[in-house]
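Notes for the one structure printed next.
Here, each number is a calculation from the coordinates, and none is a lab measurement. Treat the numbers as computed from the prediction; the structure is a model and nothing was measured. Cβ: placed from backbone, ideal geometry, glycine included. Neighbour counts: every protein chain shown.
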Amino acid sequence: MEGNSLYTIDSYYGDCITMEFELGTSDCEEEIEETCDPMYAGSWEWTAYGNYENGDCTGELELSDYDGYVVLYEDCTMELYDTWCENPQDSPGFCTGEWFSEENVITMGPVFYRDWVVEDNIMTNDIIVTYMPDPYDESTWYDVCTYNEYTFMQEENLTDIIQNDFYMYDAYPNPFNPVTTISFHLTSPMMTTLTIFDIKGKLVSTLLDQFTHAGNHQLDWNADGLPNGVYFVKLDSDGFSETQKLMLVK
């Protein structure tokens, strides 16, 4: 893509642009309400991105996979993990910041101060970037609209993912009625079994029993027809296992 991105049209709070670049300044008089809902805290996997056909976020959208995470902590701080931010704390102000939330909208910063719409554990937004081949000739400027998508993975700390061959995230929702999503991560392909037991240790369901490729995986468990109470989900892979408690409440 020719030209430099010298000015980004990002989130708006009224007529206020929250970001500053080489051209233009932000004269924000509105204050962002600095609150964050703990229900959104956790790891969000960057699952897809792509550019719309048109700069106004219309037309065809071709999506590509992306390998990255953003971690939102309950104290309203955040960390970004990707190829540019392998260790976020080494680049404070770019890979770290704060986040806020209100009515199914998450705002992240400082670099990612944008409104992200949250629906069914998927967080999405559209970003319009104005490119300026000649910053002083407005006729050369053009917009590119990019779509981004994150999937809620619940766990707040990525250390275990990095160190272990596999890791099971917190089931969500939990307590649940009657469906909960169970997610796990494998660092390499391996034989994997995912089973559900009741409180007496009786096998209730086998959700997975096969050779599974590396990466993040999600499976839904529907407990319809089962009584209220405590259940356990067990992940077995490559000679290791991990168990998590589930609570069915109808």
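Quick notes
- Per principal axis, descending, Cα span of the stretch 188-233 in whole Å: 36, 18, 13
- Put in order of Cβ neighbour count within 10 Å, fewest first, the listed residues 242, 138 become 138, 242.
- Residue order, fewest to most beta carbons within 10 Å, for 58, 124, 212: 58, 124, 212
- Pair residue 142, residue 207: separation of 7 Å Cα→Cβ label points (nm): 4.6 nm
- Two-decimal Rg/Rh across the stretch 164-248, once Rg and the Kirkwood Rh are taken from alpha-carbon atoms: 0.96
- Neighbours of residue 91 by Cβ distance under 14 Å: Lys/Arg scored +1, Asp/Glu scored -1, total -4.
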